[in-house]
Structures are given as C-alpha cells and as structure tokens.
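S.K.: Just passing along the structure, written as structure tokens.
Please treat every number below as a calculation from the coordinates, not as lab data. In this text the structure is predicted, and so the values were computed from the model without any measurement. Glycine gets a Cβ as well: all are built from the backbone with ideal geometry, and neighbour counts include every protein chain shown.
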Amino acid sequence: MSKPNTPEDFWRRVERGGPTQCWPWQASRDRQGYGKLGYKGSHWLAHRLAYTFAVGDIPEGKIVMHSCDNPRCCNPAHLECGTVADNNADSIAKGRRVWATGIRDGNAKFTDEQIRTIVRHPGSNVAVGQKFGMSHSWLSKLRRGLWRKDALLAAAAAREKEEN
Ligand SMILES: [Zn+2]
C-alpha cells in the first residue's frame, strides 16, 4: 500500500501560476481530460479536490464547474459550485451544444457582440441570465469583469467609438 495522499501531495501536482491563469493538473487524467487522484480512499477528480481544499466541502448534489473550460485546471478562482442545470445552461451558453442562434463551433462562446448586448441589458442577473441562456452566476461574473474580459474591453472600445 502506498501512503495516502495529503493536500500537499495534491498541490504538488498542480502547476500553480498567477491568480488569473489556469493551473493545469500535472498527473494522471481521465478520458475527458479531468485530473484524477485518490484521496481518503476514494477516486477524486482533481478540480473537485482543488475546490474542496481551497474553498470547502462541495454541497451534496452540486458539481464543480470550470469558468475557463479547461478540464485540467485546478485554479480555485476558475472553479465554481453549481447544479447540473447550471452547467448545462453554461454549456449551452458557451456553444458546446448546438444553440438556437446557430453557434455550432465546439469552442464558440458568446460572441463579443452578444456579450455587449447582455452586459448592457437592464435587469437582475437572474432575469437577464434567463433571457439569454446564461447562468446568473456567470452573468454576475461577467458584470463584475471576472469573465470574458476580452469581450468587455472590446465592448467598451466599441461604446467609446459610438459615443464619439
Ligand atoms: Zn482555468
């Protein structure tokens, strides 16, 4: 029997970068590309361990989602607890599935144009999120500038142009 893994063993396998960068898992991964590690007698996905160690226990029935869409990433700043429904909404929003407006590219997310429209749309995170198929927690991140900064900067630049 090898000795059980500790949180330190876990973090040693994560290439920790800057606070906003992805922190890729450096050890074994599953077929979907998620990191994995045995901990306390169970098989864990690495990003779930990262969340548990950095934030706390994952509530029953909740999943840990990546804002960066990088399955290897273990940066707690890129992880968020949600429900399967949130994750599905997020997947749809990001265009991983065929989406009603016709974004079919597997990696396509909201276009900058859509981000601009959504950010400007008045209403609560929940109401606006529902209208555009974005989970309210991601919309809140978007509005706080924690997600899609590139698109927000593009939107700000476009706004300036319109005003001048
Ligand atoms: Zn990441």
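S.K.: Any chance you could run the full-extension gain for Asn88 through Lys62? It's 0.36 nm times the residue separation minus the Cα-Cα distance, nm to one decimal. Write down the numbers at each step before the final one.
M.R.: Details: separation 26, 0.36 × 26 = 9.36 nm, distance 1.28 nm.
Between Asn88 and Lys62, full extension yields 8.1 nm more.
S.K.: Would you mind computing, in nm to one decimal, how far apart the modelled labels at Lys161 and Ala54 are, each placed 7 Å from Cα along Cα→Cβ?
M.R.: It is 3.5 nm.
S.K.: Placing +1 at every Lys and Arg Cβ and -1 at every Asp and Glu Cβ, with all other atoms neutral, what dipole size does region 1-82 have around its Cα centre, in debye to the nearest 20?
M.R.: Details: 11 positive and 8 negative charges, 59 e Å.
So the magnitude is around 280 debye.
S.K.: Additional query: Taking 0.36 nm per residue of sequence separation and subtracting the Cα-Cα distance, how much length would be gained by fully extending the chain between Thr20 and Glu113, in nm to one decimal? Provide the component values of the computation, followed by the final result.
M.R.: On the way: separation 93, 0.36 × 93 = 33.48 nm, distance 2.37 nm.
Roughly 31.1 nm would be gained on extension.
S.K.: Can you compute the modelled spin-label distance between Glu8 and Ser28, with each label point 7 Å from Cα toward Cβ, in nm?
M.R.: According to this spin-label approximation, the distance is 2.3 nm.
S.K.: Structure shown: which of Lys3/Lys94; Lys40/Lys141; Lys62/Lys94; Lys3/Lys141 lie over 29 Å apart, alpha-carbon to alpha-carbon? Could the numbers behind the result be given before it?
M.R.: Values: Lys3/Lys94 41 Å; Lys40/Lys141 33 Å; Lys62/Lys94 20 Å; Lys3/Lys141 40 Å.
Among Lys3/Lys94; Lys40/Lys141; Lys62/Lys94; Lys3/Lys141, the Cα-Cα distance tops 29 Å for Lys3/Lys94; Lys40/Lys141; Lys3/Lys141.
S.K.: Sticking with this structure for a sec: Go through 117-123, 46-52, 71-77, 35-41 and give me the packing order, highest mean Cβ count within 10 Å leading. Walk me through the numbers on the way to the answer.
M.R.: On the way: 117-123: 13.3, 46-52: 23.0, 71-77: 21.0, 35-41: 15.0.
Order by mean packing, descending: 46-52, 71-77, 35-41, 117-123.
S.K.: With the Cα gyration tensor of region 30-75 giving a ≥ b ≥ c as the square roots of its eigenvalues, does the rule (a/c under 1.5 for rounded; else a/b larger than b/c for prolate; else oblate) give rounded, prolate or oblate?
M.R.: Numbers: a/c = 1.63, a/b = 1.11, b/c = 1.47.
It is oblate, given that a/c is not under 1.5 and a/b is not larger than b/c.
S.K.: If you average 1/r over every pair of different alpha-carbon atoms in region 1-82 and take one over that average, what Kirkwood value in Å do you get? Could you put the intermediate results ahead of the total?
M.R.: Numbers: mean 1/r = 0.0787 Å⁻¹.
In region 1-82 this quantity evaluates to 12.7 Å.
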